[in-house]
Structure formats: structure tokens, C-alpha cells
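A.B. asks: The following block contains the structure, expressed as C-alpha cells.
The values are calculated or read from the model by the stated rules, or taken from the named source; none is laboratory data. Keep in mind that what you see is a predicted model, and the values were worked out from it rather than measured. Note that we place each Cβ from the backbone using ideal geometry, even for glycine, and neighbour counts take in every protein chain shown. Keep in mind that these areas ignore ligands, DNA and RNA; they rest on the heavy atoms of the full protein, side chains included. Shrake-Rupley method; radii C 1.70, N 1.55, O 1.52, S 1.80 Å.
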Amino acid sequence: MKEEEVNRCQIQEWYPRFKSASIKTVIHELPESFIEYLLDDSGPFLLPLSISNDDALPNRIHKPEEEEDYVISEEPSDDDSEQTSPPPSFPELESQINQSIETLGGAIFPKLNWSSPKDSAWISPNGSLKCTSFSEITLLLKSSDSLVHDLCHAYDSCSDCSIRRPTRFFLALRKWYPSLHPEMEFRCFIHNRILVGISQREVTGFYPILTEQKHELEPVIKIFYTGENWNLSS
């Protein structure tokens, strides 16, 4: 692939053209300071201070009667005497993102230029990519290893590779639809504007329903592709 071809696959590039047939999305450009925060692994795992006091993790249940009633005093070590850096804060970005979440119905799933943090869904309180606040989004992004590709290695496979990362990063907030099911998401392959192949998008599992409904699904997908008036010449 060429760098230009990879760039065209970024969501901020293709979404404006295909938004009439895509999930409703709001896209924010991310400041470089936030990208540096995502890449920084030199210290403890800290979530940004929230201006709205949102907590990405559920509160633990405290039972005072079960807590120890004593405190062990220890001599301060050299490490303890050092001042730790305070958690970062991105108030302007947080405000903008939380406002966009509200316009999208109160729940979204996040995605950077190319990838979503699907590998960190396990850390979410709901076990999915569903987010209702900036803090929950940051938790997923900061915990994801797959996003390192977007941040540092997007062009590694390009034959004309001259850069390691794009000059700008974007966060796409995509409206959350509880009715969406992975077995009903498909990847289509187009050659010379002709639909030449269809596969399931989620390739880590087998869904018997796809075998059972293959002949019903194929013409529906073909109609969706050929029936839309795409303007691909511009």
C-alpha cells in the first residue's frame, strides 16, 4: 500500500462521504498533549482529572466494620520523598466530548483515525466499548495495545513509507446502538467499483446463522451497495 491509500482509510477522510449510510459520528481533533499522555508509560496508570467528577470505574463497596482499626507507621523511603506528578487534565477536550456524547444520545463507542480500542473492552465496567463519558473513553484508549498501531506504526507496511505517524489524530465518537450484533456486520470487497466478495467482519468466532441465512443475506448486501447513489468521482 501507499501512504496516500492508508490516509484515505482514516475515518475523518471517508465518513463525510459515506455518513448517509454509516453510524452517526462526531469527530474531534485531539491535541498533541493528549496523544503524549496516551503514549506515556513511564509512570503509574493515571486517568485524567475530570472536571465533571466522572469516574470510569465503579466505586468499590466499603464496609467500615471490616476495615482494620490500626495503622502501621513506616519510615519514608527515598521514593516516597519524591514528588509524584499530578494526574493530567484536559478540561476543554473533556467538555467538548461530553457535549458530543449527549448529542449522540448519551452513549457512544470510540475510535481513533483507523482503530477502536476493542482489545481493552474487558476493563470497561460493562465489558464493551460503550462509553457515556470522557473518563470512560480515556480508560479504554489508555488501556489499549491495538491503538499503538495508529499512534506509532500506521505506515510501517507502506512501500513508500517516509513517516511513522500522521500529523494529526482524531477521536471519532460513534453512536451506540444496543441492537447491533457482531454476526450481522460484514466486510465488503470492491474491485473497479464491483462487489466481488463479502465476509463476516468479526473473524474470531463462528456464527451458524450466517451459514443458514447466506442466500438471504447476499442479495440484501448487494442491493445495499448497488442501490446507493455513491458519488465516488470527487
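A.B. asks: Taking amide H positions as placed 1.01 Å from N in the peptide plane, with prolines and chain starts having none, which residues 5 or more places from Ser115, or on another chain, fall under 5 Å of its amide H?
C.D. replies: Residues meeting the amide H criterion: none.
A.B. asks: Sticking with this one: Can you return the lysines within cross-link range of Lys222? Criterion is Cα-Cα under 18 Å, with same-chain partners fewer than 8 residues away left out.
C.D. replies: Within the straight-line cut-off, Lys222 pairs with Lys214.
A.B. asks: Okay, next question. Taking H as built 1.01 Å from N, whose amide H comes closer than 5 Å to the amide H of Phe169, not counting residues under 5 places away?
C.D. replies: Leu30
A.B. asks: Considering only the other residues whose Cβ falls under 15 Å of the Cβ of Val26, what net charge follows from Lys and Arg at +1 and Asp and Glu at -1?
C.D. replies: +2
A.B. asks: Also: In sequence order, what are the phi-derived ³J(HN,Hα) couplings for segment 197-211 according to the Karplus relation 6.51 cos²θ - 1.76 cosθ + 1.60 with θ = phi - 60°, rounded to whole Hz, with x for glycine and proline?
C.D. replies: x, 9, 9, 5, 6, 8, 9, 8, x, 9, 10, x, 4, 5, 5
A.B. asks: Rounded, prolate or oblate: which one fits segment 138-211, using the alpha carbon gyration tensor with axes a ≥ b ≥ c (rounded when a/c is under 1.5, else prolate when a/b beats b/c, else oblate)?
C.D. replies: The shape class here is oblate.
A.B. asks: Hey, another quick one. From the cross-link list Lys111/Lys142; Lys19/Lys142; Lys142/Lys175, which pairs have alpha carbons spaced over 23 Å apart?
C.D. replies: Pairs exceeding the cut-off: Lys19/Lys142.
A.B. asks: Now for a separate question. For Lys24, what residues show an amide H to amide H distance below 5 Å, using hydrogens built from the backbone and excluding near sequence neighbours?
C.D. replies: Placed amide hydrogens put Lys175 under 5 Å from Lys24.
A.B. asks: Another question, if that's okay. Run the accessible area of segment 1-53 with a 1.4 Å probe and give the carbon-and-sulfur part as a rounded percent.
C.D. replies: Exposed carbon and sulfur together represent 51 percent of the surface.
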